[in-house]
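Notes for the one structure printed next.
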Amino acid sequence: MRASLIALFLIFTAAAHAFEAPRSMATGTSGLLTRALGRMCHGFDLASDTLPCNPAFIAFKREGTLRANLFFGNNVSYTKEASDLLNERADEDTIRTLFGKQDRSEFETNLEAGYWGETWGVSVSPLRVNYGTTFRNPSLPEISLFASQEESLRGQIGTYLGNDLFIGLQLRALHRKFIAKQFFLTDALANEGTGFFEPENQNVLYVEPGLLYAPEDSDWNPKAYMSLMNAGIASRASPAFPSRPQFHLGTSVAADIGLGTWGLGVDVAWDNGMETDLEPVTVGSYYEFGILRLLAHVNERSNGLGFQVSSGFFNLGLASQSTTFNDGWGEKVTDRRLYLLLGAEI
């Protein structure tokens, strides 16, 4: 009996511990292309987000464009919970609200403005918020909680090397304030929220190059590319954001078909976490007809659909993405999320 009581006491007083942030929230990127096309956004020259996924595309000659986008997904009602947690306003009511839902939840928003010009571009994101929870064991509730708030500045430069080769480089500076914890309801209530949700801070500088082969004078506009993303130096290490540079290698084509343009591509990605959380091969496609653009991608762990309407000054986009991810306890769960893009272009 005494041993059982001691064991029960240890369970109820277990300290909260950190876990790795969901991959979709850890990359520092949010946009219509990244959700509707997945990793295949690295292989298409599509002007939708403020800057291209692959910095080598910045080397293409084009007219300068100023863009501003508001991108958000899923339930905006979680905004207050995320704000209270990250600004240390959490109390007992916040804790009971968290555990009262007993279901998976996710919220994401990103505000960004940028200039995409000829051979260079820059963008600033003053606010990117991610929030996600998963639960297990209703009789002894335990939660995996992730919340982050980021500000970032990106710059891209590119040039033509000759022989149909283009090269680009992205420098991305990011500051994040975040909470990534797993804990029992009793742990949080014992502290009444005071100091329990103290956020961590991290500064990161990413160096992300891209290389593109794009031969001219072909009806199918073939392209082959490689890029390196999430390669950076952090001010402090955190188990929530392990160092995981991600390599991309892929190819795509785009041709005029019927009344529009159709594109198809394959992206192969790998990093040091792919054995448990990354499906390497993604197939993506788009069809562009007048002011309408349709987008889609699929791989073993993710699939997405989306559309975008661009009419002069105003842009509107909608994307739906299904993703299989780690719930923080080694179990795989699948969720489908809906994202909305509101943008302006000059």
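We did not get these values from a lab; they are worked out from the coordinates using the rules stated. Just so it is clear, the model here is predicted, and its values are computed rather than measured. Using ideal geometry, Cβ is built from the backbone for each residue, glycine included, and neighbour counts are taken over all protein chains shown.
Taking θ = phi - 60°, what integer Hz values does the Karplus form 6.51 cos²θ - 1.76 cosθ + 1.60 yield along the stretch 27-33, in sequence order, with x for Gly and Pro?
7, x, 10, 9, x, 4, 5
What are the residues whose amide H is under 5 Å from the amide H of residue 244, where those residues sit 5 or more places off or on another chain and H is modelled from the backbone?
Under 5 Å from the amide H of residue 244 lies no amide H from a residue far enough along the sequence or on another chain.
With a 10 Å radius around each residue's Cβ, average the other Cβ atoms per peptide and rank 27-34, 55-62, 234-241, highest first.
27-34, 55-62, 234-241
Order 152-165, 171-184 from most to least packed using the mean count of other Cβ atoms within 10 Å.
171-184, 152-165
Would you please put 333-339, 127-133 in order of how densely packed they are, using the mean number of other Cβ atoms within 10 angstrom per residue and starting with the highest? Spell out each step's value before the answer.
Working: 333-339: 15.6, 127-133: 22.0.
Averaged packing, sorted descending, gives the order 127-133, 333-339.
Take the stretch 16-65, drop everything but the C-alpha atoms, weight them equally and run the Debye formula without solvent; then report log10 I(q)/I(0) at 0.16, 0.18 Å⁻¹ to two decimals.
Debye curve over Cα of the stretch 16-65, log10 I(q)/I(0) at q = 0.16, 0.18 Å⁻¹: -0.53, -0.62.
Across 10 Å bins from 0, what is the distribution of all Cα-Cα pair distances for the stretch 17-254, in whole percents?
Here the calculated profile for the stretch 17-254 is 7, 30, 30, 18, 10, 4, 1.
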